[in-house]
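Structure record follows, encoded as structure tokens.
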């Protein structure tokens, strides 16, 4: 059998403590199962470059960046060390085309095999039990590693074990405020992981959320809302559990209480911000929660979300108050409404263009909520147009001078929400407001035309996208004007 010898030079002159720790970890994972005898090497092993020659069998994976030569007398192949000149090493020998073709074909077959194994591992039904056993023999178990670390006074725990510890500590009746906040912050960090959030649900974690949300401590409530946002974000399984647990009702009550005039307006604003984050994370891409929140139910006014929660939240404090926190809260509400409308439009379009059981069922769920009608009756259309006029005007370029401090993100969020909500609200746009809005859009189009040309990075299309968005909205308004003139003439 033809053998291969591989080597490379060591460039490092110093060994850092971090490197030593990594080597220690590697030795723990691999254990003493490696054998220096190349005949006993795992054929799926990868040869790692060192400063000494190594012998390999052909089935072993060789890094492609290493130059190699083959000695036909010895039946070996060698790589060129980094610190050896080409002229001082026989790597310049010509390799037989037939041998090279055979080696490339072997590598290709091995690559195809790895792709198939990777595909197999993507499905539980296709997992190769032999591969699992081979991997288990090659690496040490978690229990063995944990025992070794404990012998060094190093505590090792999985996320699920940490969650179990947090559950036990959060159940204690002797917790003070600071300790509770610290535990909830750690819980929030862990719940960003989808698997951790699912385990949280399986452990009836929303019972803990309800417990702390019902306290009178605003700081603890805010921390719980942050953890809940992390748990439900993009996790359908957790969203269903959250809706079934009843935390939506508690969240609505907290928001209504925070809207009550008090002397601690700043604290209320922070609580409203956290509550809006949790509410938005729960409502997005979840039509059942949207129906529960947006429905106008006289028996439970707290669930009439558009007019009894979101609208008072938007008008929190005074209209003259333009603090960054107030502006950001208002724009986030407008963005949420625009996103919900976009979801509904996409679901309807999919049901029409690609009808099947799934798309039709999804649209039925969205259609069960009269969101568009409720939006108009609650007064949100008037709020939308007035917000555009209030927050698009500051920073408008005058006399060709561009304001370097303008917040383009605010503009983008407002314009995007307008694009999605205007088809429903266009009957509420007065002639005066439409004329003023058209003038603003003309100036924005000129401004972003200049900014898109003067961009420093040729791959930065942010201002170009904003320019296209403004042009699209101008075209939408012009089309409405033409249609209105035709109707008036008729």
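Screening the candidates 165, 128 for the property of being at pLDDT 90 or above and either under 30 Å from residue 237 (Cβ atoms) or surrounded by fewer than 14 Cβ atoms within 10 Å (Cβ to Cβ) (or both) yields one hit, 165. Selection over the range 198-238 of residues that are in a loop (DSSP other than H, G, I, E, B) and in contact (Cβ under 8 Å) with a residue 12 or more places away in the chain gives a count of 6. Contact map, the range 399-425: first residue within 11 Å of residue 331 (Cα to Cα) and assigned by TED's automatic domain parsing to the domain that holds residue 383, second residue in a strand (DSSP E or B) and at pLDDT 90 or above, Cβ cut-off under 7 Å, separation 6 or more or different chains; the map is empty. For residue 427, the stated conditions do not hold, so it cannot be described as more than 32 Å from the chain's Cα centre (by Cα), exposed (fewer than 13 other Cβ atoms within 10 Å of the Cβ) and more than 23 Å from residue 346 (Cα to Cα). Counting only residues that are outside any loop (DSSP other than H, G, I, E, B) and either modelled with pLDDT under 95 or farther than 16 Å from residue 213 by Cβ (or both), the range 186-196 holds 6 of them.
The values are calculated or read from the model by the stated rules, or taken from the named source; none is laboratory data. The structure presented is a predicted model; accordingly, all values stated were derived computationally and were not measured. Reconstructed Cβ throughout: ideal geometry from the backbone, glycine too, with neighbour counts over all protein chains shown.
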